[in-house]
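The values are calculated or read from the model by the stated rules, or taken from the named source; none is laboratory data. Treat the numbers as computed from the prediction; the structure is a model and nothing was measured. With ideal geometry, Cβ positions are generated from the backbone for all residues, glycine too; neighbour counts draw on all protein chains shown. For the accessible areas, the whole protein counts, side chains as well, though only heavy atoms, and no ligand, DNA or RNA atoms are used. Shrake-Rupley method; radii C 1.70, N 1.55, O 1.52, S 1.80 Å.
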Amino acid sequence: MDRPVAVITGATSGLGRITALELARRGYRVGAVARSRPKAEALLTELRAASPDIQADIFHADLGLISQARRAGEEIAARYPRLDVLVNNAGLHAFSQRTTAEGLAEMTAVNYLGPFTLTETLTNTLLASGPARVVNVASQAAQQAGTISPGPDLRRTDPYTRRESMALYGRTKLMTVMWTQELARRLDATKVTVNCCDPGFNATGLGRDLPGSGPLLRVLNALRIGDPRKGAGIIVRLATDPAFAHTSGGYFSVRDATPLRCPGPGRDEDVQRELRAETLALLAGLDAP
């Protein structure tokens, strides 16, 4: 393979789509992990229009299902002898509780457990490809989490209201920051760096389940409020900018890549290690007969 490879989740719309297009323009072979086949085909068409000699691949998976996230990782590892960039961008803000076929809260699965599983499955490929980069998309909503109790929070499937959803969404994004920093401590930064970002407010399909979101999105786009190109910009910088080549465990703002601190409830290294241990225990339980 004569060009670098970048795998992006959530690449069929919003931040992920713009990131995929920009990396393609920069000469990357793009692997997109996508749930919707029609949207994946539309992305391929757009990528080819942007770069006639583009090399792109689609890996079909619902990251809300751990079995599919693991399968996608195995397919990616089998397809690519090396992997230079992994962008975990797929996200969901669910305004009421939905559980997956595996018995997990869908929002927790899509935002945290699926990306965790995909990354774990690809870690050996990333290490063998070094220097490689992992970029996790978090959110300023992590500030709204309030508290974190890894074991119970990972397993929580009780109903919640639209108002309560913000703190729960924020908790999944806090988990993302915590996981990023713990993984960075575990991996050799000369081989793989792991960073995350707050992409700011973006008018994307993230809140598509909210009644009236379609008309609101059209208004925001018309007013150029929440332009996702800004959010994609920080993702691309972390994935490609030489200035971040030796930085690992960072959390950066869309505003000039200003370094951010992990929100207080998840900042302690002990609770970050606890989150990893509880995550591995939960995932192992899913595999048990």
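Once label points are set 7 Å from the Cα along Cα→Cβ at both Gln140 and Glu269, what is their separation, rounded to one decimal in nm?
With each label point 7 Å from Cα toward Cβ, the separation is 3.1 nm.
Mind telling me which of Asp153, Asp198, Asp53 comes out most flexible in a GNM of the chain, alpha-carbon contacts under 10 Å?
Fluctuation is largest for Asp53.
Could you point to the label whose value was computed as Cα extents along the principal axes in Å for the structure here, given (i) 104, 38, 27; (ii) 49, 45, 41; (iii) 68, 42, 33?
Computed from the coordinates, Cα extents along the principal axes in Å corresponds to (ii).
Between Ala132 and residues 5 or more places away or on another chain, which pairs have amide H atoms under 5 Å apart, with H built 1.01 Å from N, and which residues are they?
The list, which skips near neighbours in sequence, is Val192, Thr193.
If you rank His246, His93 by how much accessible surface each has, with a 1.4 Å probe, what is the order from largest down?
On the way: His246 165, His93 20 Å².
Descending accessible area places them as His246, His93.
Tell me, what is the FRET efficiency for Glu41 and Arg163 to the nearest 0.05, using R0 = 25 angstrom and their Cβ-Cβ distance as r?
0.10
At what distance in nm do the modelled label points of Lys230 and Thr99 sit from each other, each positioned 7 Å from its Cα along Cα→Cβ?
Calculated label separation equals 4.0 nm.
Please give the length that would be gained between Arg255 and Arg79 if that part of the chain were fully extended, namely 0.36 nm times their separation in residues minus their C-alpha to C-alpha distance (nm, one decimal). Please list the in-between numbers first.
Values: separation 176, 0.36 × 176 = 63.36 nm, distance 3.58 nm.
Length gained between Arg255 and Arg79: 59.8 nm.
Of the accessible area of the chain, with the probe set at 1.4 angstrom, what percent is carbon plus sulfur?
Values: 6390 of 12650 Å².
Within the chain, the accessible surface is 51 percent carbon and sulfur.
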